[in-house]
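**Q** Take this structure first; my questions come after.
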Amino acid sequence: MLLSSLVERISYTELVNCEDMSQELEGISYNSKKTKPNDLFICLPGEHVDGHEFAEEAVDNGAVACVVERRLNIDIPQIVVNSTEEILAQISSEYYGNPSQKLNVIGVTGTNGKTTVTHLIQHLYEAFGQKCALIGTLGHRFSTLEKYHDAHHTTPQAPELQRVMFYINEKCIDNVVMEVSSHSLVQHRVDYVDFNGAVLTNLTQDHLDFHITMENYFRAKAMLFENLVAGDFAVINADDEYAERFLEVISPTVSTYTYGINKPADVMAKDIKYKEEGASFTCVVRGKEYEANCVMNGLFSVYNILAALTTSLALGFDTEKSIRVLEKIQGVAGRFETVVTKPTVIVDYAHTPDGLENVLRAARGITPSEGRLICVFGCGGDRDSTKRPKMGRIAEDMADTVIVTSDNPRSENPQQIISDILAGFNNVNEVIVEPDREMAIREAYKLAKVNDVVLVAGKGHEDYQILANETIHFDDREKVREIFTGY
């Protein structure tokens, strides 16, 4: 795309050094070190650094123009705008030909369950003969048969997101289901994505280091639903504490569907039973009953299945067939994943109070009467510290034995994080503390008997651990197999 063509499509306050706008743009960059020849460089003001300070480096690496919030002393075209963060999504969408306008895009948001629900919806699309791509925490993939392409964010930055959607168009795929994080909404990453549907899983405490208050967190999530227009649909968890508030922000021209267990909804589950082989329940869809026997287990899995089933209702898919498809799905890597049996060792991504409580309740449901439930967990550094004692209290209340360890400490002292967790315990003398995560898993191995259930929570699918000065390879699933089976 020519620089002149792009500038015609965006709002700006001033053009500097723009006598010649004939440059052919070959990419968009916001990281000076990754800038390539003929890139357009966007000077983003960040939390720790300001992209304007790296414009010269971007020019040295080949940038042919910059988008800035103030004039810089560089001798290339500068497009001055009010906010580079806000304009980035528009520039990205225009550069890639507004790809989402050619797609049916469903956004899934919520504190927990986004990854699983997006995967279930992708499976449903394919079961009904439609191609569907997926974008989320594990990366992106163009079908359920493909491996994931790596991702650094639950929702990619705007240039990466729009580029992926461009590739989805190139592959003649009509549908996309994607995780939409609260950060991405506030930071304008998903601006200019034309959503056709939105799904809410739940809203519980998380990311308060960023949002500060639950009200701000709610307002961020609500943006996804506020932007829906006539012809779009919304799927809401009726049991969620914030359900009514989400429903209030949705335009009356948008088709709204609800699901739940405790409150009246379009799609409901009753008579829920949990066995080692999975969850079974009666599914009630607008008054009509269906029996469901699922491989996935736990109350949180039932909610995720209901969210996907309600989405299938909104899409006009056959309910009976949708249930049969959902029954067979194994779940997602690192989400209540049984890695070893006898003893049963489960790895889960739970890193919030609500998430930990849900998986512990599910783990308790499959713990034999003569067995014990052992929980290994920690909390991430440089994140919401107020959830740490809450998670400690939940673990103490719901597990028989708790081993507190490190998660991704980042720049924080691991011992301080552990101290914050221990503040939630009534009796710290009964807690096992082992800051080294591998040694903590080994401690669980020493304690576990054949009928016990061990839950290793917090990292799930992650295959790394972020320390103060480096990121190392660390995969809970690999360590569990190695320690408990020798392989």
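**Q** Return yes when Lys449 is in a loop (DSSP other than H, G, I, E, B), of a type in the set (D, E, K, R) and assigned by TED's automatic domain parsing to the domain that holds Ile374 and no when it is not.
**A** When the stated conditions are applied, Lys449 passes them.
Results for (1) of a type in the set (S, T, N, Q); (2) within 23 Å of the chain's Cα centre (by Cα); (3) not assigned by TED's automatic domain parsing to the domain that holds Asp476, shown as yes or no for each residue.
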| site | (1), (2), (3) |
| --- | --- |
| Glu277 | no, no, yes |
| Cys283 | no, no, yes |
| Glu291 | no, no, yes |
| Val302 | no, yes, yes |
| Lys342 | no, no, no |
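**Q** Filter the range 228-241 down to the residues that are under 23 Å from the mean Cα position of the chain (by Cα) and surrounded by fewer than 19 Cβ atoms within 10 Å (Cβ to Cβ), then identify the one that is farthest from Leu315 (Cα to Cα).
**A** My answer is Glu241.
**Q** Here's another thing I want to ask about it. Out of (1) over 24 Å from Ile168 (Cβ atoms); (2) among the acidic types (Asp, Glu); (3) in contact with an Asp or Glu (Cβ under 7 Å, 6 or more places away or on another chain), what's the single condition that is false for Glu26?
**A** (1)
**Q** Just to be sure before I move on: is Ile168 buried (at least 24 other Cβ atoms within 10 Å of the Cβ), assigned to a strand (DSSP E or B) and touching a residue at least 60 places away in the same chain (Cβ under 8 Å) in the structure I sent?
**A** no
**Q** Let me confirm something: among Ile79, Ile42, Ile28, Ile74, which residue is farther than 29 Å from Thr154 by Cβ and crowded, with 22+ Cβ neighbours inside 10 Å?
**A** Details: Ile42 fails: farther than 29 Å from Thr154 by Cβ; Ile28 fails: farther than 29 Å from Thr154 by Cβ; Ile74 fails: crowded, with 22+ Cβ neighbours inside 10 Å.
That would be Ile79, the only listed residue that is farther than 29 Å from Thr154 by Cβ and crowded, with 22+ Cβ neighbours inside 10 Å.
**Q** Another question about this same structure. Return the total of residues in the range 298-335 being crowded, with 24+ Cβ neighbours inside 10 Å and part of a loop (DSSP other than H, G, I, E, B).
**A** 2
**Q** Just to be sure, is Gly380 touching a residue at least 60 places away in the same chain (Cβ under 8 Å), of a type outside the set (Ser, Thr, Tyr) and either outside the structural domain of Gly139 (by TED's automatic domain parsing) or surrounded by fewer than 19 Cβ atoms within 10 Å (Cβ to Cβ) (or both)?
**A** Criteria met by Gly380.
The values are calculated or read from the model by the stated rules, or taken from the named source; none is laboratory data. Remember, it's a predicted structure, so these values are computed and weren't measured experimentally. Here Cβ is always computed from backbone atoms with ideal geometry, including for glycine, and neighbour counts include all displayed protein chains.
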